[in-house]
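The values are calculated or read from the model by the stated rules, or taken from the named source; none is laboratory data. Remember, predicted model here, so these are calculated numbers, not experimental data. Heads up, the Cβs are rebuilt from the backbone with ideal geometry, glycines too, and the neighbour counts pull from every protein chain shown. Please note that ligands, DNA and RNA were not included when accessible areas were found on the heavy atoms of the full protein model with its side chains. Shrake-Rupley method; radii C 1.70, N 1.55, O 1.52, S 1.80 Å.
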Amino acid sequence: VNSAPSPLQRVASDTLSFAERAARVLGVPSLPPLPTPRHEEWHYTNLRPLTALKPLRDSDWELADVARVVPVVQGPQLVMVNGRVVEQLSLLEGAGALEVRWEGDAPSLAGETALNVWHKAQGGHTVTLTATGAATVHVVHVLTGDNVPTGGALAIQVAEGASLTLVEHVVGHPASRGWMNVRVQAEIAANGTLTHTLVQNLPRTSCLTYQADLTVGNTATYTAFTLNMGGALARVERHMDTHTTSHVHMTGLALTDDAQTHDITVRLRHMDEATTSHIHQRNILRGT
């Protein structure tokens, strides 16, 4: 199966770097430089090697090969390969009070940080998940191909009094070598609940940058668990604004071996009174 070409693949010149191609697609002189360890929030994570990636073509992949790396789960699931929804591998029956739709080649989530601008250039689908009652869904992000940067985004809306259980898996074909750059925006309305699990198990030849921006409304609850295992580099970043009597409960575990970098970055702003938060991160390191 050939995934649909992103705008970058339509710029026909193998001599251009990813940044040069992306700038042409966006109609700008150049892309902003990616953050370096000189930036305080990126002190322990160096993205410089990612700028050398060249999307010479969209990767070819077979449904059977992708299906082998998709975790076996019970219940509704949405599979995204290289940032694009694959309907043949997705099954949304039983998701409950959940509306799911996707669109676009260039995700349109707000924000103009360097990673966000690069994300728009990478192409992919923006998937909107709207929970109006009790809902559950499993989203699998699959990376395939060689040196192909990929995007993909989730826009999550939890209505007043609704609840959504979201499980995300980030995996890759064993032969994949590339960069997965995922963006998430979530709005949890008053009295709403979002229970969010993220499991990252990419091959050691791949990298992940994952940024989530969340607004937790009055008396709403956000509960998250993150497990980082794979990848040469994996940065999971959450920016959260909490409002009156809302609550955030986050736990995480990183299993890190030689030559791996796992970065969990959290920025939490208590915007109103009587907000509470609990953050508990454990890291198990092996090797030198």
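For the stretch 68-90, the set of residues classified as farther than 15 Å from Asn201 by Cα, in a helix (DSSP H, G or I) and either open to solvent by 50 Å² or more (accessible area, probe 1.4 Å) or acidic (Asp, Glu) (or both) consists of Glu87, Gln88, listed by residue number.
The set of residues in the stretch 178-210 being basic (Lys, Arg) and touching a Leu at 6+ places or on another chain (Cβ under 9 Å) consists of Arg183 alone. Here Thr215, Thr226, Thr242 are screened, and the one residue that is touching a residue at least 24 places away in the same chain (Cβ under 8 Å), over 20 Å from His169 (Cα atoms) and buried (at least 20 other Cβ atoms within 10 Å of the Cβ) is Thr242.
Which members of the stretch 152-168 meet the condition of being acidic (Asp, Glu) and farther than 17 Å from Leu78 by Cα? Break it down into steps so the answer makes sense when it comes.
Taking the stretch 152-168 and keeping what is acidic (Asp, Glu), we get 160, 168.
Listed by number, the list holds a single entry, Glu160.
Listed by first and then second residue, the pairs with beta-carbon distance under 9 Å, at least 6 apart or on different chains, first residue in the stretch 245-271 and within 17 Å of Gln281 (Cα to Cα) and open to solvent by 60 Å² or more (accessible area, probe 1.4 Å), second of a type in the set (A, V, I, L, M) and not in a strand (DSSP E or B), are Leu255/Met229. The residues of the stretch 92-122 that are open to solvent by less than 60 Å² (accessible area, probe 1.4 Å), on the phi > 0 side of the Ramachandran plot, modelled with pLDDT of 70 or more and assigned to a loop (DSSP other than H, G, I, E, B) amount to a single one, Gly104.
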